[in-house]
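The values are calculated or read from the model by the stated rules, or taken from the named source; none is laboratory data. In this text the structure is predicted, and so the values were computed from the model without any measurement. Note that each Cβ is placed from the backbone with ideal geometry, even for glycine, and that neighbours are counted across all protein chains shown. Quick note on the areas: whole protein, heavy atoms, side chains included, nothing else; ligands and nucleic acids left out. Shrake-Rupley method; radii C 1.70, N 1.55, O 1.52, S 1.80 Å.
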Amino acid sequence: MSIGGTANHLHLLLSMSSSLSVAKALQLIKGGSSKWIHDTFPEHQSFAWQEGYAAFSVGISQMPDTLAYIQRQEEHHHKKTFEEEFVAFLKKHNMEYDERYLWG
């Protein structure tokens, strides 16, 4: 497992049971972390996760590069913003999207 990101996004690399849906995993992660933030940091009572998320599978052979990518988020996004990179990723993989719904 690895967690990393910047002020406007977060990356998680998880190994999940096939019996757990991505939606349920994200519900548990977002709910549990929101509760912890609200309980631990009273000054952040207004914290809330955005409604959406994106999930992608990674093959075992891609794990080392994916871990390195997650750990270098700050450095990485000095070259290209998260938004630019995400749209480029969607286009590269021929994924349909409507930009009106990407950023909330």
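Return the residue satisfying two criteria in turn: it lies in segment 1-16 and is open to solvent by 60 Å² or more (accessible area, probe 1.4 Å) and farther than 21 Å from Ser61 by Cβ, and of such residues it is nearest to the chain's Cα centre (by Cα).
Leu10
Out of the residues in segment 31-80 that are without any contact (Cβ under 8 Å) to a residue 40 or more places away in the chain and aliphatic (A, V, I, L, M), state the one that is nearest to Gly5 (Cα to Cα).
Taking the candidates together, the pick is Ala68.
How do the pairs read when you match residues in segment 85-98 that are farther than 18 Å from Glu75 by Cα and surrounded by 14 or more Cβ atoms within 10 Å (Cβ to Cβ) with residues anywhere that are modelled with pLDDT under 90 and among the aromatic types (Phe, Trp, Tyr), using Cβ under 8 Å and keeping only pairs 6 or more apart or on different chains?
If the second residue must be modelled with pLDDT under 90 and among the aromatic types (Phe, Trp, Tyr), the pairs left are Val87/Tyr97; Leu90/Tyr97.
With respect to Lys80, is the statement that it is in a loop (DSSP other than H, G, I, E, B) and out of contact with any Gly (no Cβ under 9 Å at 6 or more places or on another chain) true?
The answer is yes for Lys80.
Which one of these does Gln73 not meet: (1) open to solvent by less than 70 Å² (accessible area, probe 1.4 Å); (2) farther than 20 Å from Trp103 by Cβ?
So Gln73 meets the others, but not (2).
Please enumerate the residues belonging to segment 30-50 that are closer than 22 Å to Phe82 by Cβ, open to solvent by 60 Å² or more (accessible area, probe 1.4 Å) and not small (Gly, Ala, Ser).
Those that are closer than 22 Å to Phe82 by Cβ, open to solvent by 60 Å² or more (accessible area, probe 1.4 Å) and not small (Gly, Ala, Ser): His44, Phe47, Trp49, Gln50.
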